[in-house]
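Chemist: Structure in structure tokens, see below.
The values are calculated or read from the model by the stated rules, or taken from the named source; none is laboratory data. This is a predicted model, so every value here is computed, not measured. Every residue, glycine as well, gets a Cβ built from its backbone with ideal geometry; the counts of neighbours run over all protein chains shown.
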Amino acid sequence: MLVNKRARHEYQILETYEAGIVLKGSEVKSIREGRVSFTDSFVRIKDGEMWLCNLHIAPYSSTHESYDPKRERKLLLHKKEIKRLTGMLSQKGLTLIPLRIYFRKSLAKVEVGLAKGRKKYDKREKLKREYVDKEVRRVLKGREKFNI
């Protein structure tokens, strides 16, 4: 499973959707090797279809087949879900981003998140909250050892 680590820091995820992805054979092999970069990747809805843009899948080393590593790849989702997402994207400040890529029953899947961008102070506040929670867990864990 390949995870977009920056996504949860940069965005507040409101909803998630699972979508299939149309890939070439050598792209599947590269994904299995973990040679994917989520940097600047996003999802666009164009003509009633969802497209994954700017996802860099490095070419597989053993094949002679060449392709554009950042080509647009079609995502497979029900029409009803695409129409719902189109309506939600019309709201200001919402976007679709890929959160992770994984395999389910040997089929490549992409988890797409409906997200709202965070402000800089929101990011700092989140980091502070996570740090405090981690410290509390650490202290409580140490105290439980003494009570036994």
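Chemist: Go through the residues of segment 33-41 one by one and say whether even a single one is in contact (Cβ under 8 Å) with a residue 40 or more places away in the chain and farther than 26 Å from residue 123 by Cβ. Reasoning before the result, please.
Modeler: So in segment 33-41, the residues in contact (Cβ under 8 Å) with a residue 40 or more places away in the chain come out as 36, 38, 41.
Filter once more, keeping what is farther than 26 Å from residue 123 by Cβ: none.
Scanning segment 33-41 turns up no residue that is in contact (Cβ under 8 Å) with a residue 40 or more places away in the chain and farther than 26 Å from residue 123 by Cβ.
Chemist: Now, a different point. Quick one: in segment 51-70, which of the residues that are at pLDDT 90 or above and not in a strand (DSSP E or B) is farthest from residue 109 (Cα to Cα)?
Modeler: Taking the candidates together, the pick is 54.
Chemist: Next question, about the same structure. Hey, any hits in segment 81-97 for a residue that's touching a Leu at 6+ places or on another chain (Cβ under 8 Å), under 17 Å from residue 24 (Cα atoms) and not small (Gly, Ala, Ser)?
Modeler: Here is the first cut: in segment 81-97, the ones touching a Leu at 6+ places or on another chain (Cβ under 8 Å) are 85, 88-89, 94-96.
Next, only the ones that are under 17 Å from residue 24 (Cα atoms) stay: none.
No; the residues of segment 81-97 include none that is touching a Leu at 6+ places or on another chain (Cβ under 8 Å), under 17 Å from residue 24 (Cα atoms) and not small (Gly, Ala, Ser).
Chemist: Checking the condition more than 15 Å from the chain's Cα centre (by Cα), farther than 12 Å from residue 74 by Cα and modelled with pLDDT under 95, which residue from 25, 48, 34 passes? Show your work before the answer.
Modeler: On the way: 48 fails: farther than 12 Å from residue 74 by Cα; 34 fails: more than 15 Å from the chain's Cα centre (by Cα).
Exactly one residue qualifies, and that residue is 25.
Chemist: Could I ask something else about it? Of all residues in segment 91-105, which are at pLDDT 90 or above and either assigned to a loop (DSSP other than H, G, I, E, B) or among the hydroxyl-bearing types (Ser, Thr, Tyr) (or both)? Full working, then the answer.
Modeler: Of segment 91-105, the ones at pLDDT 90 or above are 94-105.
Of everything in segment 91-105, those that are at pLDDT 90 or above and either assigned to a loop (DSSP other than H, G, I, E, B) or among the hydroxyl-bearing types (Ser, Thr, Tyr) (or both) turn out to be 95, 102, 105.
Chemist: From the list 99, 52, 77, 14, pick out the single residue that is within 27 Å of residue 125 (Cα to Cα), crowded, with 16+ Cβ neighbours inside 10 Å, touching a residue at least 24 places away in the same chain (Cβ under 8 Å) and outside the structural domain of residue 126 (by TED's automatic domain parsing). Working first, answer last.
Modeler: Values: 52 fails: within 27 Å of residue 125 (Cα to Cα); 77 fails: within 27 Å of residue 125 (Cα to Cα); 14 fails: crowded, with 16+ Cβ neighbours inside 10 Å.
When all the criteria are applied, what remains is 99.
Chemist: Something else now. Taking segment 102-127 as the search range and keeping residues that are loosely packed, with under 10 Cβ neighbours inside 10 Å and of a type in the set (D, E, K, R), which one is farthest from residue 18 (Cα to Cα)?
Modeler: Taking the candidates together, the pick is 120.
Chemist: Out of 29, 46, 5, 24, which single residue is among the basic types (Lys, Arg) and touching a residue at least 40 places away in the same chain (Cβ under 8 Å)? Walk me through how you get there before you give the answer.
Modeler: Numbers: 29 fails: touching a residue at least 40 places away in the same chain (Cβ under 8 Å); 46 fails: touching a residue at least 40 places away in the same chain (Cβ under 8 Å); 5 fails: touching a residue at least 40 places away in the same chain (Cβ under 8 Å).
After ruling out the rest, the residue left standing is 24.
Chemist: Let me ask something additional. Working only within segment 17-49, note down all residues that are surrounded by fewer than 17 Cβ atoms within 10 Å (Cβ to Cβ), among the small types (Gly, Ala, Ser) and in a helix (DSSP H, G or I).
Modeler: 25
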